[in-house]
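What follows is a single structure, written as structure tokens, with notes after it.
The values are calculated or read from the model by the stated rules, or taken from the named source; none is laboratory data. Just so we're clear, the structure is a prediction, and the values are computed from it rather than from any experiment. Glycine gets a Cβ as well: all are built from the backbone with ideal geometry, and neighbour counts include every protein chain shown. To get the accessible areas, we keep the full protein, side chains included, count just its heavy atoms, and leave off ligands, DNA and RNA. Shrake-Rupley method; radii C 1.70, N 1.55, O 1.52, S 1.80 Å.
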Amino acid sequence: MADTAHELFEHHGRDMYDAEQKLVRALKRMAKNATNPRLAKCFNAHARTTERQARRLEQVFKALGRKPRRQPCAGIDGLIEEYSTFVKEEKPGDEVLDAFSAEAALKVEHYEIVAYKGLVDLAKQLGLTNEAGLLKETLREEEETAAELETLSKQLGKSLPMDEEEQEAGRSWTASLTGA
Ligand SMILES: [Fe+2]
């Protein structure tokens with residue numbers, strides 16, 4: 001039973017401890033599947049950062065006198081599953097896969113940003129100043145990664161191949177905006 005702020009904090013901590021470990025594996029896999037070198041580099045770099053984030057959560061548990069335990073994070077499971085299913089069922093071409101992967105990773109970062117904001121707030125509320133500081137460091141890393149992925153996602157989306165009809169639709173839409 002969880003009925004205090006402290007218990008909610010620990011629950012969220014275990015949830016993210018599970019998420020970070022699953023994400024190390026997922027990011028490495030996504031890096032291997034990526035064709036765009038900047039995207040692959042971003043995934044690999046964030047996989048290493050994610051390993052550090054898991055260690056940081058272990059530090060938080062240790063400070064609370066708790067053994068780090070994982071609570072299956074259904075949200076991240078779902079996002080990883082969405083990526084795997086797309087790769088398996090749609091058999092995307094390189095450009096589409098890269099655009100899809102950048103967006104999938106961005107969704108993950110947004111999930112994590114919300115989760116860490118909640119953890120930082122709870123830590124502050126509970127007077128866990130050092131732990132709030134550690135979690136804030138992770139939050140800053142997730143925000144930086146999200147910003148980089150957002151830029152990449154837009155670029156990759158724009159360079160997706162289009163057929164004749166789509167190009168024509170794009171041209172007439174632009175023309176309607178400019179009044180040409
Ligand atoms: Fe993370």
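Do any residues in region 117-140 that are hydroxyl-bearing (S, T, Y) have Cβ atoms under 7 Å from those of residues that are in a helix (DSSP H, G or I), where the two are at least six apart or on different chains, and which pairs are they?
T138/Q53; T138/R56; T138/Y116
What's the total number of residues in region 125-159 that are over 16 Å from the mean Cα position of the chain (by Cα), closer than 30 Å to N36 by Cβ and open to solvent by less than 60 Å² (accessible area, probe 1.4 Å)?
The number of residues fulfilling the criteria is 2.
Answer with yes or no whether I113 is within 13 Å of the ligand (Cβ to nearest atom) and closer than 19 Å to E148 by Cα.
Against the criterion (within 13 Å of the ligand (Cβ to nearest atom) and closer than 19 Å to E148 by Cα), I113 qualifies.
Could we say that G65 is at positive phi, away from the ligand (no atom under 12 Å from the Cβ) and surrounded by fewer than 16 Cβ atoms within 10 Å (Cβ to Cβ) here?
Yes: the conditions hold for G65.
Which condition number in (1) surrounded by 14 or more Cβ atoms within 10 Å (Cβ to Cβ); (2) farther than 18 Å from K107 by Cα; (3) free of Cβ contacts under 8 Å to residues at least 24 places away in the same chain is the one that N36 fails?
(3)
Determine which member of the set E51, E20, E58 is within 10 Å of the ligand (Cβ to nearest atom), open to solvent by 10 Å² or more (accessible area, probe 1.4 Å) and acidic (D, E).
Just a single option satisfies the conditions, and that option is E51.
Of the conditions (1) under 13 Å from the mean Cα position of the chain (by Cα); (2) open to solvent by less than 40 Å² (accessible area, probe 1.4 Å), A99 clears all except one; give me its number.
(1)
Here's a check for you: in region 160-180, which residue that is within 22 Å of E95 (Cα to Cα) and either touching a His at 6+ places or on another chain (Cβ under 7 Å) or assigned to a loop (DSSP other than H, G, I, E, B) (or both) is most open to solvent (accessible area, probe 1.4 Å)?
M162
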